[in-house]
Structure formats: structure tokens, C-alpha cells
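K.L.:
Below is one structure. I have some questions about it.
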Amino acid sequence: MNGIGLSPAKAGGGACLLANPGAAVETFGRSGASSTLGRIVPASAQAAAHTPGSMPGSMAGHMAPTPVDLHSAFTAWQVNPFTLGVLVLLALGAWWYLNSIRVLAARGRKWPWQRTAAWVFGLVAIDIALQSPLATFTMSVFTAHVIQHELLMAVAPPLLALGAPSTLLLQTSSRRTKVRWLRVLRSQPFSVVTHPLTVWFLYYGLMFVFFLTGLIGFAMEHMALMDAINIVFLMGGTLFWWPIINRDPILHWKMGYGAKLMNLLLGVPFLSFLGIAIMSDSRPVAPMYTLSSTHSGGALLWILSEMLTVPAAVVVALDWLKAEEKGASREDAREVPVELSLGSSLSSAEPHSKKATADLPQAAVPRSMSAWEAHWLARSGHLPASVSAQRVPVPPTVPPGAIRVTTFPQPTGDLGGAN
């Protein structure tokens, strides 16, 4: 026996829908949904879940196990004070965002629809993680707990950051609200919370403490603590992804593209080690999980972490290349007007140069210049490089900037004219 009412054969061979959907579907066709999916839940847990008056959720301080079947996947939503409070906050967040866009549109300014979509999907991801049947299944299947964890730390936070809510707040709120919000962003406590070391502990370190100690089992038996830990996970993910996405003003600990890549890629081996450690564990991570579910959850944690982190690193690298290209384009754009201005100055100075050279007395032309050289100077504004330097007086009638004091080289030989 494995300690929770399943024989070793069932613990090793019970198909988990969330860990191996292909095998679950195949078995589903042979023996029915209820019998198949019910194998991953202890018999005592199924009996408790179907006891009259029982309700999934954290109503009595702990979550009652719920059978993982097709009916529960659509109906086992969390209904308790915590999840209702989360739902209200999410609805308020959606209403504020959409209303702010309306205020911005009334001022004749357009807000990108991509940011709106990202914000809405981020709120939906939080609701799925904390209130949907997925949250109910976390008491029965460790893979469900891993999916909930990834939604709170690696899916919802970057989506919310893409929505740029801080920028929207600063563009649509009153002056008093702007001053208060900027005061929070510039405060010393906020600087401490957003310090890279603090963020790294909240994002990576807390996962190790939670999954590799007895904290997860204790928290799952005291749902008030589990709810608080989920909020901390969400905050840690938000602080981690906000400077990487960089759609809002970052007043402390700004990160360049190299630092963003390093922040993402250095976390990959940590998450891989965590997943492998859970897969190699000889005991379930919590009393309500089977050993096979624990190993499947560890593998899923490893896979999902890399699937969500590596693409983000690729996006940051592409943004880096685009930024370099834009910088080069800006440098080229600065040089073009200077060249055009210089060309137009020489063109406008050409008739003046002709007249000035014609009006010059013969004595004003240096003895080292031939008539051919004077004609060349009048037409092009400069002499060939083969002529050695010598100063030429510029008449005051020439426009400023058209021909400046120029030095001419001594002639190396007869250029075709008499001195």
C-alpha cells in the first residue's frame, strides 16, 4: 500500500488525465469516464466528496477532495469567501481598465487593443487558477497544483504587464492620484520589494521552500494559509515579469536587454533541478497525492517552466535586435540632414562664388592659383586634393557658411594655366 488507500498496481498504473491525457482518453473509451478518472483519487476521498452537505472549497479550513471526472471539470467551481473576493477584485480591475480606455478615447487618444486583450486574459488566468475546477482538483491531483502554480507565476503576470496598467493610470487619473502613485513607485519600501534579490527569492526561492519541504502538505490542510501563499506567488511573478516586459515606467532597478536575458536563462537550471528533484522523490510531496501523481507533476513543472521561459528569452533577444536596428536608423537619420544642408549650402553659394570670383581684382587672386584653379573653385567650392594648401581671401559679399577660409596646396606642376 502507498499510505492513502491505493494498491501499488493502481498507484503505478492509474492514468492521470492531466499528466497523460492520451492514455486517459484510451482507457475512457474502454471502461467509462467515471471509473477511469476515479482511479487517481482515493476511495475515501471520493466518498467524502459525495457525502451530502460537503462542498469543494475552503469553507471549513481545508479543501475536500473531489473526484476528477468530466462532470466535475465543468461544475466543481470554488465558492467560498476567498474566491468570491477574488472574483470581485478581478471584475473591478476589468471595469477600471475598460473605463480608463473610454476616458482616454474621449480625449482623442487611442489605446492599443493588444494591451487590452493581454490585461483581460491575465485576469481570466487568475480566475482559472483560483476559482475554476482546476483549483478544486489541486486537492486530488498534484499536476493540477502545478498548472495552478504556473498560471499564477508565469502566465498571468506577463499578460498583466503587457497591459501596462501603470501607464494607463498615469494617463487617465487625476493629478492627485498621479502624485500618490508616483510617490509609491519612488518610495524606499517599494525599492526594497522590487530589489532583484528580493524578487529572485519570491520567484525561485519560495518554490523550493514550498515544494521540497512539508509546507505544501501543511498549507493544503489549512486553506487560509494556502490562499495567502497563492497571493504571494502571484505577487512574486508580477515583480519578476514587470521589468522584463517593461511596458510601464520602471523607477528602480531598470534592466537592460542583457540583464533581462540573464534573469530568464539563469532561472532555467533552477526550475529544471526543482522538477527533477520532485520526480526523483521517493515519497509524495503531500499526503493527499499519490507518488505517481507527484512524479507526473514534477515532470510537468520541468516542461512548463522551460516552455514558458525559453520563448520569453527569445522574445527579449528579438526585441534587443530591433532596438539595435532602431538605434542605427536614428544615427543614420541624424547624418542625412547634415549632408543635405551642406549640399544645399554649396549649391546656393555657387552663383555667389562665380560673381565673387569675377569681381575680384586680379591681384586678389593668389599668385599660386591659376585661372583654371579659380574657375574650379568657383564651380565646386573646393580645389582638387593634389593642390597644396594656401589661404585665399574671401570677399565679404559671399554668404556666410557658403565658402569659409580655405587652404590650398602648392601646385605640383603646371595645371594648364599661366600664373
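Rule-based calculations on the coordinates, nothing more; no lab input. A quick note: this is a predicted structure, and the numbers were derived from the prediction, not measured. Counting neighbours? That spans all protein chains shown, and the Cβs are built from the backbone with ideal geometry, glycine included.
K.L.:
Could you list Ser293, Ser174 so that the one with the fewest beta carbons within 10 Å of its beta carbon is first and the one with the most is last?
P.N.:
Lowest count first: Ser174, Ser293.
K.L.:
Let me ask you something else. Please arrange Phe82, Phe211 by how many other C-beta atoms lie within 10 Å of their C-beta, fewest to most.
P.N.:
Ordered by Cβ neighbours within 10 Å, fewest first: Phe82, Phe211.
K.L.:
Which of the three applies to the stretch 222-324, rounded, prolate or oblate, going by the alpha-carbon gyration tensor with a ≥ b ≥ c and a/c under 1.5 meaning rounded? Can you show the working numbers first?
P.N.:
Working: a/c = 3.49, a/b = 1.74, b/c = 2.01.
Note, shape of the stretch 222-324 comes out oblate.
K.L.:
In whole angstrom, how far apart do the alpha carbon centroids of the stretch 261-324 and the stretch 129-144 sit?
P.N.:
19
K.L.:
For the stretch 151-162, in order, what is each residue's ³J(HN,Hα) by Karplus, 6.51 cos²θ - 1.76 cosθ + 1.60 with θ = phi - 60°, in whole Hz (x at glycine and Pro)?
P.N.:
Result, ordered by residue: 4, 6, 10, 10, 10, 5, x, x, 5, 5, 5, 5 Hz.
K.L.:
Still on this structure, please answer the following. As a test of understanding, state the convex hull volume per residue of the stretch 219-268 from its alpha carbons, in Å³.
P.N.:
In the stretch 219-268, the Cα hull volume divided by residue count equals 93 Å³.
K.L.:
Run the simple label-point estimate for Leu182 and Ala106 please: 7 Å along Cα→C-beta, distance reported in nm.
P.N.:
2.3
K.L.:
Sticking with this one: Each residue of the stretch 89-103 in turn: what ³J(HN,Hα) in whole Hz from Karplus with 6.51, -1.76, 1.60 and θ = phi - 60°, glycine and Pro shown as x?
P.N.:
Each residue's phi maps through the Karplus curve to give 5, 5, 5, 5, x, 5, 5, 4, 5, 5, 5, 5, 5, 5, 4 Hz.
K.L.:
Exposure proxy check: Met207, Met288 ranked by fewest other beta carbons within 10 Å?
P.N.:
Ascending Cβ contact count within 10 Å gives the list Met207, Met288.
K.L.:
Could you give the length gained by full extension between Val315 and Ser272, i.e. 0.36 nm per residue of separation minus their alpha carbon distance, to one decimal place?
P.N.:
Details: separation 43, 0.36 × 43 = 15.48 nm, distance 2.07 nm.
The span from Val315 to Ser272 would gain 13.4 nm if fully extended.
K.L.:
Still on this structure: Over 23 Å between Cα atoms: which of Lys110/Lys260; Lys178/Lys254; Lys178/Lys260 fall into that group?
P.N.:
Lys110/Lys260; Lys178/Lys260
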